[in-house]
Amino acid sequence: MPGQRLRIGAFEVDLAAREVIDPATGHAHRVTDKARAVLVELIAAGGQVVKREQLMDRVWAGTLPTGDVLTQAVTTLRKAFRD
């Protein structure tokens, strides 16, 4: 992922640095590894709906987390994207 930067709407995302740069303020919001992994899965889905179970299986493979971890990751992304 080094050097991978992309634009989502007006926001710039630096996947390697795990940052979402707010265009209004220039502030970089750092997200967790898991929040970044959720974002990558959503981007890969190309606008299609991704079921909660699919995200849990892909991002938390081989572990037994509660559903709260996905909720926390999505909340982190929403804050970073001011949603």
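Within the listed set 52, 30, 18, the Gaussian network model of the chain (springs between alpha-carbon atoms below 10 Å) gives the highest mean-square fluctuation for 52. Distance between the pseudo-spin-label points of residue 6 and residue 48 (7 Å out from Cα toward the beta carbon): 1.5 nm. Here semi-axes √(5λ) of the Cα gyration tensor in Å was computed from the coordinates, and among (1) 32, 16, 11; (2) 22, 13, 12; (3) 27, 14, 10 the match is (2).
Any chance you could list the semi-axes, whole Å, largest first, of the equivalent ellipsoid that the Cα gyration tensor gives for region 1-43, using √(5λ)? Before the final figure, lay out each step's value.
Working: eigenvalues 51, 23, 20 Å².
Three semi-axes, in Å: 16, 11, 10.
Here the chain has 52 percent of its accessible surface on carbon and sulfur atoms, given a 1.4 Å probe and all protein chains in place.
The values are calculated or read from the model by the stated rules, or taken from the named source; none is laboratory data. None of these values were measured; they are calculated from a predicted model. So basically every Cβ, Gly included, is an ideal-geometry build from the backbone, and we count neighbours across all protein chains shown. Note: areas computed on protein heavy atoms with side chains; ligands, DNA, RNA excluded. Shrake-Rupley method; radii C 1.70, N 1.55, O 1.52, S 1.80 Å.
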